[in-house]
Amino acid sequence: MPENVIQDSTSIQPHAEKTSKLANIYKFRELGLLAFIIILSIAVQLRNSSFLSGENINDMITNTAILSILALGMMLVLVTRGIDLSIGSTIALSGMVAAQTVSTYQSLHPILVILLGIVIGMVCGAINGVLIAKIGLLPIIATLAMMNIFRGITFKISGGEWISSYQMPESFVSIATGTTFGINNLIVIAIVIYLLFFYIINHTRTGRQIYAVGSNPDSAKVSGIKEGRILLLVYAIMGGFAGLSGVLWVSKFASAQGDTASGYELTVIAACILGGVSIAGGSGKISGIILGSILLGILNNALPLLNVSPFWQTGIQGLIILVAVIINTLVKRGVDRNNLMRRKI
């Protein structure tokens, strides 16, 4: 499907016609977000000439890479009408285990450390998936509980101590600071992940089933889709991305702490909301979350350059998120009203 929206099977309108309408709406919304990003960038550039310099743009993209990876996983979770509040704690846990491992085994290959982080994250995500899909807990309750459990485990295994850069081998730090073909490794990793999941989401049965579960769970069950398996999959994927991000985070900042990424899950959710992902499930596009992540990256970079108070920075970001949610709600309401008026009785 050209757009990741699965319509209700009870709808009377032809599926192709509805998909075309929604495609135009999503394009309009994404073009609007892109226009806002361009206008904002020009405005900041007029105030600070270093904003659009090559070095600063590279820094912004690099700093946004981890956020964009997490936003992709969160998009899949939100599409299935779920939410994952435990990713910040999963980042901290995988990052701490990775840092402790490389500090003990200095010669360990970076690829093995990355795989270790992914496995830890997938285990954490699978636990969330079991609680939600098998036991039937609400996603917000299950992931809130596991958020505290994972954070507690992180503090327990670390003994409340930090692991600093001098305890980490250069090969580990270079995971985030090194380059491939002149491009920072974080950017390369993000690009590879996005290309892979663009294919999975748009061109595989699993991708279509993820959106079907979020759009209409009852119809998905009737059509033979195993909802529990899909939910377990998306939370495991989200956990895997969080585990990977934990390794990248510690490598980038060369520091592992018990409170690493505390509250970062809200930033990830914000990137998805800004990108047009529906918290009601069933819709969301990769291009949208890329734009949402870029916008947050620009704000994080631009506001300090403009000497905006840190207290106001948080408020401004919240205001922009609120406006985006209002716009998304109005757009969805307009679509629903239009579909209702066009139904034949």
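Test of understanding: in a Gaussian network model of the chain with alpha carbons linked when under 10 Å, which of V323, V113, V44 would top the mean-square fluctuation ranking?
Result for the chain, Cα springs under 10 Å: V323 fluctuates most.
On average over all directions, what projected area in square nanometres does segment 43-87 have, based on the convex hull of its Cα atoms?
Values: hull surface 17.8 nm².
Projected area, direction-averaged: 4.5 nm².
Percent of accessible area on the chain owned by carbon and sulfur, 1.4 Å probe?
Summing carbon and sulfur atoms, their accessible area is 67 percent of the total for the chain.
At q = 0.08, 0.11, 0.15 Å⁻¹, what log₁₀ I(q)/I(0) does a Debye calculation on the Cα points of the chain give, no solvent, two decimals?
Relative scattering, expressed as log10 I(q)/I(0), comes to -0.40, -0.75, -1.32.
Quick check: with the 1.4 Å probe, what order do R229, R47, R337, R29 take by accessible area, largest first? If you can, show how the numbers build up before the last one.
Values: R229 155, R47 175, R337 130, R29 45 Å².
Sorted by accessible area, descending: R47, R229, R337, R29.
So what's the gap between the Cα centers of segment 201-227 and segment 128-142, to the nearest angstrom?
18 Å
What residue among G125, G160, G292 has the largest mean-square fluctuation in a Gaussian network model of the chain, using Cα springs under 10 Å?
Between G125, G160, G292, it is G160 that shows the largest mean-square fluctuation.
Heavy atoms only, probe 1.4 angstrom, no DNA, RNA or ligands counted: give me S215, S245 ranked by accessible area, highest first. Let's see the in-between values first.
Details: S215 30, S245 0 Å².
Per-residue accessible area, sorted high to low, gives S215, S245.
If you plug each phi of segment 72-80 into the Karplus form 6.51 cos²θ - 1.76 cosθ + 1.60 with θ = phi - 60°, what whole-Hz ³J(HN,Hα) values come out, in order, with x for Gly and Pro?
5, x, 5, 4, 4, 5, 5, 4, 8
Just list whichever of K134/K285; K156/K221; K134/K252; K156/K226; K226/K252 have alpha carbons separated by over 32 Å in the model shown.
Values: K134/K285 28 Å; K156/K221 42 Å; K134/K252 37 Å; K156/K226 37 Å; K226/K252 39 Å.
The answer is K156/K221; K134/K252; K156/K226; K226/K252.
Where only protein heavy atoms count, and the probe is 1.4 Å, what is the accessible area per residue for the chain in Å²? The partial results should precede the final answer.
Working: 16620 Å² over 345 residues.
Here the per-residue accessible area is 48 Å².
Using amide H atoms built 1.01 Å from N in the peptide plane, name the residues 5+ places from L85, or on other chains, whose amide H lies under 5 Å from its own.
T143, L144
From the helices alone, meaning DSSP H stretches of at least four residues, give me the mean residue ellipticity at 222 nm for the chain, per-run term -39500 (n - 2.57), in deg cm²/dmol to the nearest 500. Show your work: numbers first, answer last.
Working: 13 runs with 252 residues, N = 345.
Calculated from helices alone, the mean residue ellipticity at 222 nm is -25000 deg cm²/dmol.
Any idea of F36's accessible area? Nearest 10 Å², probe 1.4 Å.
Approximately 90 Å² of F36 is accessible to the 1.4 Å probe.
With the dipole of the chain worked out from charges on the C-beta (+1 for Lys and Arg, -1 for Asp and Glu) around the Cα centre, which of T143, N56, F311 lies farthest toward the positive end?
After comparing all options, I get T143.
Across every pair of different alpha-carbon atoms, what Kirkwood hydrodynamic radius in Å does segment 105-245 reach? Please report the intermediate quantities before stating the final value.
Values: mean 1/r = 0.0573 Å⁻¹.
Mean inverse Cα-Cα distance, inverted, gives 17.5 Å.
From the phi angles alone, apply the Karplus equation (6.51, -1.76, 1.60; θ = phi - 60°) to segment 138-143 and give each ³J(HN,Hα) in whole Hz, x where the residue is Gly or Pro.
Per residue, the Karplus-derived 3J(HN,Hα) values read 5, x, 5, 6, 4, 6 Hz.
Using a 1.4 Å probe on the protein heavy atoms only, what accessible surface does M146 show? Give it in Å² to the nearest 10.
Roll a 1.4 Å probe over it and M146 shows about 20 Å².
The values are calculated or read from the model by the stated rules, or taken from the named source; none is laboratory data. Note that the structure is a prediction, hence the values are computed from the model and not measured. Note that we place each Cβ from the backbone using ideal geometry, even for glycine, and neighbour counts take in every protein chain shown. Accessible surface is based on the protein model in full, side chains and every heavy atom, while ligands, DNA and RNA are left aside. Shrake-Rupley method; radii C 1.70, N 1.55, O 1.52, S 1.80 Å.
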